[in-house]
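Visitor: Take this structure first; my questions come after.
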Amino acid sequence: MPASCCWNEKELEETLVNMFRCGDFSGICALLRKTALLSLETAKRLSTRVVRNLTSHLSNVITVNNLGDLGELMYILHSIDEDTAKDLSAECIRLQEKILDYIDRAALSDIMRFIAGFYTTWREKHELPRTCIGVVKERIKKEELKDIGTCLLIISLMLRDDARRLLGDIINRLGTIFTNRIEDSSLHDISSFLDGVSMIDIDLAKHMVAENTNTLRGIFAREILRCGVEEIARFLFVLAQIDKNLASTMFRENLEHLERMFGSGRKTLERIIA
């Protein structure tokens, strides 16, 4: 930001301080992103003055509801000011007992956002992420396919190549989970799950689909009678990224119904999955 706009920086600082004191980590993330696009140096100064100076107050503002946003804040800070990000993750270690109590009650997607953010900034081995992963291992036994898929997508986007290593043997359980739950799942749930798995391990996703081909064909024929065009289109699109032949087979097997539903859009759908 140019010198003539310095007063804006003061306003930004006051806004960030107020957000931190309210535990509005999501708001801080959004504001720091916008500021960094205009001036990375300004974003770094702000994060240093605001976040580092208020880190000691984290215990007063962290809750079960903003845990995922805290993880995202660590993730964003890492690209703006690594020292500030590490200060925040160090404070999380100090508050480990409190955080783990929240982890037990947090949404699975928030747990994954926290893990990814912490892991990005604190690469040394530590009990905190290991314990969080242990909670995830237990939770996925009960979560719906779509929620598991969302979490896999989150961690794959935030950690990329490290996602599989961090998740460890959770990955090995996904095939059994999928096979046991697809019969009771919607097309939306199945596509969300497969999308998340394919982002982490495309070969595993292909294996899951191959192992459940006939079941998936039956579910598709059943579910298209009661779901909308967007859900059908997304399912076929995700499936086509994993197994084009199977997606095309399902399309042909149900062509009459799909023509009634999609009308002239049927040809567009066919091109997308081809």
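The values are calculated or read from the model by the stated rules, or taken from the named source; none is laboratory data. All of these numbers come straight from a predicted model, not from anything done at the bench. Don't worry about glycine lacking a Cβ; one is built from the backbone with ideal geometry, like all the others, and counts go over all protein chains shown.
Visitor: In the stretch 90-119, what count of residues is obtained for those that are closer than 29 Å to S39 by Cα, among the hydroxyl-bearing types (S, T, Y) and surrounded by fewer than 24 Cβ atoms within 10 Å (Cβ to Cβ)?
Guide: Summing the residues that are closer than 29 Å to S39 by Cα, among the hydroxyl-bearing types (S, T, Y) and surrounded by fewer than 24 Cβ atoms within 10 Å (Cβ to Cβ) in the stretch 90-119 gives 0.
Visitor: Still on this structure: Could you list all residues from the stretch 7-29 that are of a type in the set (A, V, I, L, M, F, W, C) and surrounded by 14 or more Cβ atoms within 10 Å (Cβ to Cβ)? Before you say what the answer is, go through the steps one by one.
Guide: Let us first name the residues in the stretch 7-29 that are of a type in the set (A, V, I, L, M, F, W, C), namely 7, 12, 16-17, 19-20, 22, 25, 28-29.
Listed by number, the residues that qualify are L12, L16, V17, M19, F20, F25, I28, C29.
Visitor: Got a sec? Which helices (runs of 4 or more DSSP H) wholly within the stretch 45-148 have at least 3 residues that are closer than 19 Å to I28 by Cα and within 17 Å of the chain's Cα centre (by Cα)?
Guide: 67-80, 108-121
Visitor: Which one of the conditions (1) crowded, with 22+ Cβ neighbours inside 10 Å; (2) aliphatic (A, V, I, L, M); (3) under 17 Å from L16 (Cβ atoms); (4) modelled with pLDDT of 90 or more does V51 fail to meet, given that it meets all the rest?
Guide: (4)
Visitor: So, T42, is that one closer than 26 Å to I99 by Cβ and among the hydroxyl-bearing types (S, T, Y) or not?
Guide: Spelling it out, it is not the case that T42 is closer than 26 Å to I99 by Cβ and among the hydroxyl-bearing types (S, T, Y).
Visitor: Just to be sure, is R139 within 25 Å of D101 (Cβ to Cβ) and without any contact (Cβ under 8 Å) to a residue 24 or more places away in the chain? Please lay out each step first, then the result.
Guide: Details: within 25 Å of D101 (Cβ to Cβ): yes; without any contact (Cβ under 8 Å) to a residue 24 or more places away in the chain: no.
Considered against the rule, which asks whether it is within 25 Å of D101 (Cβ to Cβ) and without any contact (Cβ under 8 Å) to a residue 24 or more places away in the chain, R139 comes out as no.
Visitor: Still on this structure: Take the residues of the stretch 30-48 that are more than 22 Å from A90 (Cβ to Cβ) and of a type in the set (S, T, Y): which is surrounded by the fewest Cβ atoms within 10 Å (Cβ to Cβ)?
Guide: Quick first cut of the stretch 30-48, residues more than 22 Å from A90 (Cβ to Cβ) only: 30-31, 33-42.
Applying the additional criterion that residues be of a type in the set (S, T, Y) yields 35, 39, 42.
Working: T35: 23, S39: 15, T42: 19.
The qualifying residue surrounded by the fewest Cβ atoms within 10 Å (Cβ to Cβ) is S39.
Visitor: Among the residues of the stretch 248-274, what is the count of those that are of a type outside the set (A, V, I, L, M, F, W, C), under 15 Å from V229 (Cβ atoms) and in contact (Cβ under 8 Å) with a residue 12 or more places away in the chain?
Guide: The total comes to 4.
Visitor: Can you list residue pairs whose Cβ atoms sit under 7 Å apart, with the first residue in the stretch 164-184 being more than 12 Å from M208 (Cβ to Cβ) and the second being of a type in the set (F, W, Y)? Count only pairs 6 or more apart in sequence or on different chains.
Guide: Within 7 Å, the pairs are L166/Y119.
Visitor: Pull up the stretch 1-38, narrow it to residues that are at pLDDT 90 or above and not in a helix (DSSP H, G or I), then point me to the one that is farthest from S59 (Cα to Cα).
Guide: Top of the filtered list is D24.
Visitor: Report whether or not S191 is in contact (Cβ under 8 Å) with a residue 24 or more places away in the chain, more than 14 Å from the chain's Cα centre (by Cα), surrounded by 23 or more Cβ atoms within 10 Å (Cβ to Cβ) and closer than 30 Å to G218 by Cα. Let's see the steps before the verdict.
Guide: Details: in contact (Cβ under 8 Å) with a residue 24 or more places away in the chain: yes; more than 14 Å from the chain's Cα centre (by Cα): yes; surrounded by 23 or more Cβ atoms within 10 Å (Cβ to Cβ): yes; closer than 30 Å to G218 by Cα: yes.
It is true that S191 is in contact (Cβ under 8 Å) with a residue 24 or more places away in the chain, more than 14 Å from the chain's Cα centre (by Cα), surrounded by 23 or more Cβ atoms within 10 Å (Cβ to Cβ) and closer than 30 Å to G218 by Cα.
Listed here are the residues, each with its yes/no results for (1) touching a residue at least 24 places away in the same chain (Cβ under 8 Å); (2) not β-branched (V, I, T).
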{"residue": "T42", "(1), (2)": "yes, no"}
{"residue": "L46", "(1), (2)": "yes, yes"}
{"residue": "N53", "(1), (2)": "no, yes"}
{"residue": "V61", "(1), (2)": "yes, no"}
{"residue": "M74", "(1), (2)": "yes, yes"}
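Visitor: Could you check the stretch 29-72 and list, in sequence order, the residues that are of a type in the set (D, E, K, R) and touching a Gly at 6+ places or on another chain (Cβ under 8 Å)? Even if it seems obvious, please write down each step before you answer.
Guide: Let us first name the residues in the stretch 29-72 that are of a type in the set (D, E, K, R), namely 33-34, 41, 44-45, 49, 52, 69, 72.
Once the filter is applied, which keeps residues that are of a type in the set (D, E, K, R) and touching a Gly at 6+ places or on another chain (Cβ under 8 Å), the stretch 29-72 yields only E72.
Visitor: Residues that are among the polar types (S, T, N, Q): find the helices (runs of 4 or more DSSP H) completely inside the stretch 216-274 holding 2 or more of those.
Guide: Values: elements: 229-242, 244-253, 255-262, 265-273.
The qualifying helices (runs of 4 or more DSSP H) are 244-253.
Visitor: A follow-up question, please. Going by the conditions given, is L269 modelled with pLDDT under 90 and surrounded by 15 or more Cβ atoms within 10 Å (Cβ to Cβ)? Give the steps one after another, and end with the answer.
Guide: Details: modelled with pLDDT under 90: yes; surrounded by 15 or more Cβ atoms within 10 Å (Cβ to Cβ): yes.
Yes.
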